[in-house]
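Engineer: Please read through the structure below; I'll follow up with questions.
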Amino acid sequence: MNLLVTNTHAPQAYAVIRALRPYAEKIVATMEGDSFLGSRFAHAALTRLVDRRRRVPSPVEDWWAGNVGAENTSREEAFVEAILEICRDERIDAIFPSWDPHVYVLAKNRERFVRQGVVLPVPDFETLLTALDKSRTIEAARELGFPIPRSVLHEGGADPRDTAADLGFPLVLKPRFTSGGRGMVVVKDDRELREALPPLIRSHGNPIIQEYVPGGQRGSVQLVVDQAGRVVFAFRKRRRRSLRVTARFGTVSESADPEPEAAEAAALVGRLGLWGAMGIETMLDPRDGVRKLMEINPRFPRQLWNRTALGINEPWMCLCIARGELVPEVESYPRGVLFVNPVEDAGLLAYQFADRLVYVARRGLQRYEPIDPLSESPPLGELLRSFLASYRAESRKVVDPYSRFFLEDPVASLVWWLQFSGWLLGGWRRLGR
């Protein structure tokens, strides 16, 4: 198999490359960016496991802007043409995208790749769009009776104060097409709503306005589903410690029993016709005790390595499903295994310290009231004890691939840690909220 892997800035791409290297005669990785230097931060393309690297134009600007449709934009067409050229030059058999904008663009051009004998492990475009478009996801879940937070798609000319009066503050402003929490804003009053809404519309189009679910008790179930709707693998983990100021990063987590959340998630995606790899994100609402749907991500999460470290090769399973092959069900996996990221965790601990200090200062000097009292930043001593306890625990631990394989693949690890640090620094506006 000659494999092409895209979106190599993302950690799930690195996990895909590691998982599929034993099956591939050749792996080609794409690198994209506005400049040569920017493209060099595609850390997964820098691994020694890649045979060739090819630069391609980026297709993501229209995605971020909400300019989404069945026809290619000029940027998207340039990306697709570049990928098709690579497929011809390198005799590619399969392409593995694992980031929303790439999954979207490649899915709507599937037939062009099929004609070249290339396999894409993603569902058809219209089915996929129901999961990628958060407005369509909400409507589909509402029709199927799956619990959701109260939500309204903001329309041009509508007065957001009417929506705020109906839903109540705080509110979440969420772009329809985004990933990793990009563009999402939480506002706690009319002033913040008026300030946040116009720039969000300019950057991402009309957003979803959603009631805020307090407490931050997020849940995630990862599924692999075949084209007949059969769940081949279901996985769930619990967060042992997470970063309060954003849902983007967990710190330490452990494998857990997937039920009953997996059964509920499987029923939902089965009705939607999705297949392949996907994650169903929910939030437990302490006000009524109901777990509510936040989003469906029809691709691997950045923590894909959690499952591959347990010996479960989801990327290979998805390629087999895309080829129409029967994949045996994974009946079980070890429970209570801790997934640790020492370098990332140390950076997150420093960020949590800064968050706590800013939070205390704002409460003392500005009489600031937090957006969510149920998610108040823990004291510094508690943060440190939690950090140390995770590494002293007697539970079985598996370490992230950037730490585990650092000595044999140092460039990919160092570039990833640099990229991760940039993500953390980019979240400074959320400190103390």
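We did not get these values from a lab; they are worked out from the coordinates using the rules stated. What you see is a predicted model; the values in this text were computed from it and never measured. Every residue, glycine as well, gets a Cβ built from its backbone with ideal geometry; the counts of neighbours run over all protein chains shown.
Engineer: If the cut-off is a Cα-Cα distance under 26 Å, which lysines reach Lys108, setting aside same-chain residues fewer than 8 apart in sequence?
Structural biologist: Partners found: Lys26, Lys134, Lys174.
Engineer: Using a simple spin-label model with points 7 Å from Cα along the Cα→Cβ vector, what separation in nm is obtained for Asp89 and Arg150?
Structural biologist: 5.5 nm
Engineer: By count of other Cβ within 10 Å, fewest leading, how are Glu264, Glu32 ordered? Spell out each step's value before the answer.
Structural biologist: Working: Glu264 16, Glu32 22.
Fewest-to-most ranking of Glu264, Glu32: Glu264, Glu32.
Engineer: Summing +1 for each Lys or Arg and -1 for each Asp or Glu, what net charge is found among the other residues whose Cβ lies under 13 Å from the Cβ of Val114? Don't jump to the answer; show the numbers that get you there.
Structural biologist: On the way: positive: Lys108, Arg110, Arg112, Arg115, Arg323; negative: Asp93, Glu111, Asp124.
Net charge in that neighbourhood comes out at +2.
Engineer: Using the 10 angstrom Cβ neighbour count as an exposure proxy, how do Cys318, Cys87 rank, fewest first?
Structural biologist: Values: Cys318 28, Cys87 21.
Lowest to highest Cβ neighbour count: Cys87, Cys318.
Engineer: Net charge within 12 Å of Ala196 by Cβ-Cβ distance, Lys/Arg positive one each and Asp/Glu negative one each, not counting Ala196 itself?
Structural biologist: Numbers: positive: Lys174, Lys188, Arg191, Arg194, Arg202, Arg429; negative: Asp189, Asp190, Glu192, Glu195.
Counting the neighbours of Ala196, the net charge comes to +2.
Engineer: Follow-up question, since we're still on this one. How many angstrom lie between the Cα centre of the stretch 160-234 and the Cα centre of the stretch 302-351?
Structural biologist: 26 Å
Engineer: Evaluate the charge dipole of the stretch 2-120 about its Cα centre and quote only its size in Debye, nearest 20, assuming +1 on the Cβ of each Lys and Arg and -1 on the Cβ of each Asp and Glu.
Structural biologist: Details: 16 positive and 16 negative charges, 114 e Å.
The dipole magnitude comes to about 540 debye.
Engineer: OK, next. Would you please give the FRET efficiency between Gln217 and Met1, computed as 1/(1 + (r/R0)^6) with r the Cβ-Cβ distance and R0 = 35 Å, to the nearest 0.05? Write down the numbers at each step before the final one.
Structural biologist: Values: r = 41 Å, r/R0 = 1.18.
Efficiency computed from Cβ-Cβ geometry: 0.25.
Engineer: Using only the alpha-carbon atoms of the chain as identical scatterers, what base-10 log of I(q)/I(0) does the Debye formula give at q = 0.14 Å⁻¹?
Structural biologist: Per q value, in the given order, log10 I(q)/I(0) is -1.51.
Engineer: In whole angstrom, and with the biggest value first, how far do the Cα coordinates of the stretch 137-280 range along each principal axis?
Structural biologist: Taking max minus min along each principal axis of the Cα atoms, the stretch 137-280 gives 47, 33, 25 Å.
Engineer: In terms of modelled amide H atoms, which long-range or inter-chain residues lie less than 5 Å from the amide H of Met31?
Structural biologist: Counting only residues 5 or more places away or on other chains, the set is Arg54, Arg55, Val56.
Engineer: Would you calculate the separation in nanometres between label points at Arg142 and Leu284, each defined as 7 Å from the Cα along the Cα-to-beta-carbon direction?
Structural biologist: Placing both labels 7 Å beyond Cα along the Cβ direction yields 2.7 nm.
Engineer: In terms of modelled amide H atoms, which long-range or inter-chain residues lie less than 5 Å from the amide H of Arg291?
Structural biologist: Answer set, sorted by chain and number: Asp285.
Engineer: A further question on this structure: Rounded to the nearest 500 deg cm²/dmol, what is the calculated helix-only ellipticity per residue at 222 nm for the chain, with -39500 (n - 2.57) per DSSP H run of length n ≥ 4? Numbers along the way, then the final one.
Structural biologist: Working: 17 runs with 174 residues, N = 433.
Roughly -12000 deg cm²/dmol at 222 nm, from the helical runs in the chain.
Engineer: Report the semi-axes of the equivalent ellipsoid for the stretch 150-211 in whole Å, largest first, where each axis is √(5λ) for an eigenvalue λ of the Cα gyration tensor.
Structural biologist: Numbers: eigenvalues 53, 29, 25 Å².
Taking √(5λ) for each eigenvalue gives 16, 12, 11 Å, largest first.
Engineer: Note down the nm distance, to one decimal, between modelled labels 7 Å out along Cα→Cβ at Asn67 and at Arg396.
Structural biologist: It works out to 5.0 nm between the two label points.
Engineer: Please enumerate, by chain and number, the aspartates and glutamates with C-alpha under 12 Å from the C-alpha of Lys292, excluding those fewer than 8 residues away in the same chain.
Structural biologist: Straight-line reach from Lys292, under 12 Å: Glu211, Glu261, Glu264, Glu281.
Engineer: Could you work out the equivalent-ellipsoid semi-axes for the stretch 2-120, taking the square root of 5 times each eigenvalue of the Cα gyration tensor, largest first, in whole Å?
Structural biologist: Values: eigenvalues 89, 59, 30 Å².
The equivalent ellipsoid of the stretch 2-120 has semi-axes of 21, 17, 12 Å.
Engineer: Using R₀ = 22 Å, calculate the FRET efficiency as 1/(1 + (r/R₀)^6) where r is the Cβ-Cβ separation of Arg115 and Ser74; round to 0.05.
Structural biologist: Details: r = 22 Å, r/R0 = 1.00.
For R0 = 22 Å, the calculated efficiency reads 0.50.
Engineer: Report the net charge of residues surrounding Arg323, where surrounding means a beta-carbon distance below 13 angstrom and charges are Lys +1, Arg +1, Asp -1, Glu -1.
Structural biologist: Numbers: positive: none; negative: Asp93, Asp226, Glu325.
Value of the local net charge: -3.
Engineer: Could you give the DSSP H helices of the chain that reach 27 angstrom or more along their long axis (alpha carbon positions) and whose average Kyte-Doolittle hydropathy is no lower than -0.5?
Structural biologist: 342-365
Engineer: With both partners inside the chain, how many of the DSSP beta bridges are antiparallel, as a percent to the nearest 5? List each step's numbers first, then the result.
Structural biologist: Working: 38 of 53 bridges.
Bridges in the chain are about 70 percent antiparallel.
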